[in-house]
Amino acid sequence: MKNSEYYIWVLVITIIFTIVCISLAPLVPIDEPLVYRASTGVIYNLTIPVGISFSAFIALIVFIISIVLVSGIKNNYYNIVVDASAISFIFLNYLNYYLIWYVWRPTVHLFPFLIEITYNHATTLQLDIGQIVLIIFLYRLYRRLRMPHPLSGSDEQSLK
């Protein structure tokens, strides 16, 4: 399978997998979907950010399980699942951070492998697993592009 065909399939499976993960968002167990903040008088709806976070968690679990199970296998179809789950998790992870910013408007700083979020003078430093998965995906992409592929029948005929 050529690299271009492989990554078209990765993109298609990523879109399907992301839609499936987002469709599981309503299944998240949330006790208080609405939160009232007395100092500003604003009611925050937590259903969407928590649902996207849950969807990203599902994509991360699928990525971890798939990379552990098929890391040494040369089968393209297994590797498509690994790469598609990686891209899906990266997208959902940063969509989740965007929704956190959109709902609460905290100050967000990106550092290598970390994200610092400051809200109402409280600061938290979180490990950004999205950056780690992105590096793993880019390494796999680099390895795949550097790997020599055997010539297909049409390529062999064009060399003659």
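The values are calculated or read from the model by the stated rules, or taken from the named source; none is laboratory data. In this text, all values refer to a predicted model and were calculated from it rather than measured experimentally. With ideal geometry, Cβ positions are generated from the backbone for all residues, glycine too; neighbour counts draw on all protein chains shown. In case anyone asks, the SASA skips ligands and DNA or RNA and just uses the protein heavy atoms, side chains included. Shrake-Rupley method; radii C 1.70, N 1.55, O 1.52, S 1.80 Å.
How many nm is it between the label spots at ALA122 and GLU32, if each spot is 7 Å from the Cα in line with the beta carbon? The modelled label-to-label distance comes out at 1.1 nm. Remark: relative contact order (the range 38-150) = 20 percent; criterion is Cα-Cα distance under 8 angstrom and separation of 6 or more residues. Taking one quarter of the surface of the C-alpha convex hull of the chain gives a mean projected area of 11.8 nm².
Computed from phi, the 3J(HN,Hα) profile of the range 133-143 under the Karplus parametrisation 6.51, -1.76, 1.60 (θ = phi - 60°) reads 5, 4, 5, 4, 5, 5, 5, 5, 4, 4, 4 Hz, with x in place of Gly and Pro.
If R0 is 22 Å, the Cβ-Cβ spacing of MET1 and ILE65 corresponds to a FRET efficiency of close to 0.45. Dipole size of the chain about its Cα centre, with +1 on Lys/Arg Cβ and -1 on Asp/Glu Cβ: approximately 380 debye, rounded to the nearest 20. For the chain, the longest principal axis of the alpha carbon atoms and the long axis of helix 47-70 meet at an angle near 30°.
Quick one: if the Förster radius is 35 Å, what FRET efficiency do ASN76 and THR107 give, using the C-beta to C-beta distance and rounding to 0.05? Given R0 = 35 Å and the Cβ-Cβ separation, E is 0.20. Using a probe of 1.4 angstrom and keeping all protein chains present, the accessible surface of the range 1-75 works out to 64 square angstrom per residue. How big is the range 46-98 by the Kirkwood estimate over distinct Cα pairs, in Å? Computed over Cα pairs of the range 46-98, the Kirkwood hydrodynamic radius comes out at 11.4 Å. Think of the chain as a dipole: +1 on every Lys or Arg Cβ, -1 on every Asp or Glu Cβ, centred on the Cα centre; then among VAL68, VAL28, ILE8, ILE8 lies furthest on the positive end.
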